[in-house]
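The values are calculated or read from the model by the stated rules, or taken from the named source; none is laboratory data. Everything quoted here is computed from the prediction, not taken from an experiment. Cβ sites come from the backbone with ideal geometry, for glycine too, and all protein chains shown count toward neighbours. For the accessible areas, the whole protein counts, side chains as well, though only heavy atoms, and no ligand, DNA or RNA atoms are used. Shrake-Rupley method; radii C 1.70, N 1.55, O 1.52, S 1.80 Å.
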Amino acid sequence: MSRDEEKRRAALKALDYIEEGSVVGVGTGSTVAFFIDALAEMKDRIEGAVSSSEQSTRQLKGHGIPVLDLNSTGTLPVYVDGADECDPHNRLIKGGGGALTREKIIAAASRKFVCVIDAAKQVDILGKFPLPIEVIPMARSYVAREIVARGGQPVWRENTVTDNGNWILDVHNLRIVDPLGLERELNQIPGVVTVGLFAARPADVVIVGGKVR
Ligand code: 5RP
């Protein structure tokens, strides 16, 4: 089965978790793009969506799905999103698509986080995929030096500005044996907006190519 087909099947399976009449939290990326297309088929049975990116917002609106403000919805029952890596404890690396900050906010504000991936995203130890970190632009070099001091190799994702007007460092050369500890530590560096580690708030359900793991 191709990776795209695995993503499509995972996205379709996620529909099982959508509650009638609810507001759905929607992530970002190619797997989520399949999910949005599938969600459109049942758009009359949901109130709307909270979107994690301008990209997903455009696709949702294109299907006529109302996009709502998280400030007015309260806690969401379900958030559906992809990931770049997923370990056996459902801890994730996210942010390959640059939407990590809004993704982390919506995941935190949701009761259930349903993560949709293809099998290649499953790893024993996180860190082969470069860890995205969103930074305030003026802090880029400072944060990069702090990361080098911790053994990482930050690479500036040039020509990328996030939906929040910030920049992204992709950190190579990390073998993340303590994801929660690293997430907390990196969060403390001034200028860091969001670390693409989802360990404090891991996924509740992981769907791999159509099967719940
Ligand atoms: C975007 C993300 C995506 O969920 C992640 O990059 C996976 O994307 P895809 O489904 O295209 O493989 O975190 O910021």
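Values computed for the structure shown
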{"read-out": "Gaussian network model of the chain, Cα within-10 Å springs - most flexible of 148, 171, 24", "value": "148"}
{"read-out": "Rounded percent of accessible protein surface that carbon and sulfur make up, region 131-196, 1.4 Å probe", "value": "50"}
{"read-out": "Between 0 and 90°, nearest 10: helix 140-149 axis offset from the chain longest Cα axis", "value": "70"}
{"read-out": "Centre separation in Å (Cα based) which lies between region 135-155 and region 53-78", "value": "32"}
{"read-out": "Karplus 3J(HN,Hα) series, Hz, for region 12-19 with 6.51 cos²θ - 1.76 cosθ + 1.60 (x for Gly, Pro)", "value": "5, 4, 4, 4, 4, 8, 7, 8"}
{"read-out": "Between 0 and 90°, nearest 10: helix 30-40 axis offset from the chain longest Cα axis", "value": "20"}
{"read-out": "Among 199, 164, 188 - extreme Cα towards positive end, dipole of region 122-213, charges at beta-carbon", "value": "199"}
{"read-out": "Distant-in-sequence amide H partners of residue 171 (H built 1.01 Å from N, under 5 Å)", "value": "131, 133, 155"}
{"read-out": "Distance (nanometres) between label positions extended 7 Å along Cα→Cβ at residue 112 and residue 2", "value": "3.1"}
{"read-out": "Helix-only CD estimate at 222 nm, as mean residue ellipticity for the chain, using -39500 (n - 2.57) per DSSP H run (n ≥ 4)", "value": "-8500 deg cm²/dmol"}
{"read-out": "Probe 1.4 Å - accessible area at residue 73, Å² to nearest ten", "value": "40"}
{"read-out": "Average projection area in nm² (convex hull over Cα atoms of region 164-213, one quarter of hull surface)", "value": "5.3"}
{"read-out": "Region 131-196 - Debye-derived log10 I(q)/I(0), Cα point model, q = 0.19, 0.28 Å⁻¹", "value": "-0.64, -1.38"}
{"read-out": "Where 172, 89 fall by accessible area, highest first, once all protein chains stay in place (1.4 Å)", "value": "89, 172"}
{"read-out": "Antiparallel DSSP beta bridges within the chain, percent to nearest 5", "value": "50"}
{"read-out": "Highest-MSF residue in the chain out of 177, 32, 67 [GNM, Cα springs under 10 Å]", "value": "177"}
{"read-out": "Relative intensity, log₁₀ I(q)/I(0), of the chain from a Debye sum that treats every alpha carbon as a point, q = 0.16 Å⁻¹", "value": "-1.02"}
{"read-out": "Peptide ranges 132-144, 38-50 listed from the most packed, as the mean C-beta count within 10 angstrom indicates", "value": "132-144, 38-50"}
{"read-out": "Per-residue SASA entry for residue 87, accessible area with 1.4 Å probe, Å² rounded to 10", "value": "0"}
{"read-out": "Percentage relative contact order, region 1-146, counting C-alpha pairs under 8 Å, at least six apart", "value": "26"}
